[in-house]
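The values are calculated or read from the model by the stated rules, or taken from the named source; none is laboratory data. What you see is a predicted model, and the numbers here were worked out from it, not measured in a lab. In this analysis, Cβ positions are derived from the backbone assuming ideal geometry, glycine residues included, and neighbour counts consider all displayed protein chains.
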Amino acid sequence: MVLKSVDPLMLPPNPASNAACPQHEPAFLYVSQAVKLDEKQRKLVAQIRAVHGDLDLAYDLTQAFVSMLAEHRDTDLDRWLAQAKQSGIRELKSEALGIRRDYAAVRAAFTRPLE
């Protein structure tokens, strides 16, 4: 599957190419609020999403989680967990299982202000 080889959620930082610019790493772009990205970053996200349907879905689900956390919407967590589990994306399914294992702590994190 294409996702396995280019999954931006799982890519480690590449010190050789982006040591001074982590904001151009795919993982950073996926977990950053879309409204905070500049035009170049938005274009890169669009290119990554276009590579494979799973990358597009992973971006949507990641952005949903980032928004829920930023807006303290813990009431949407259960729906997100179900969507992640049903996504068919191994990494998101694994993340959902991890959140379920520590559900109380994760849910509590939604009520704390972001630092």
Considering only residues that are within 19 Å of Ala27 (Cβ to Cβ) and either touching a Cys at 6+ places or on another chain (Cβ under 8 Å) or hydrophobic (A, V, I, L, M, F, W, C) (or both), look in the range 78-88 and name the one that is surrounded by the fewest Cβ atoms within 10 Å (Cβ to Cβ).
Trp80
Every residue in the range 87-115 that is at negative phi and part of a loop (DSSP other than H, G, I, E, B), please.
Ser87, Ile89, Asp102, Phe110, Thr111, Arg112, Pro113, Leu114, Glu115
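Going by the structure shown, is Ala84 within 29 Å of Pro113 (Cα to Cα), modelled with pLDDT under 90, part of a helix (DSSP H, G or I) and among the small types (Gly, Ala, Ser)?
When the stated conditions are applied, Ala84 does not pass them.
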Identity of the residue in the range 75-115, among the β-branched types (Val, Ile, Thr) and free of Cβ contacts under 8 Å to residues at least 40 places away in the same chain, that ends up nearest to His52 (Cα to Cα):
Ile99
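Results for (1) within 20 Å of Glu25 (Cβ to Cβ); (2) more than 12 Å from the chain's Cα centre (by Cα), shown as yes or no for each residue.
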| position | (1), (2) |
| --- | --- |
| Val51 | yes, yes |
| Thr62 | yes, no |
| Glu71 | no, yes |
| Asp76 | no, yes |
| Arg90 | no, yes |
| Glu95 | yes, no |
| Ile99 | no, yes |
| Tyr103 | no, yes |
| Arg112 | no, yes |
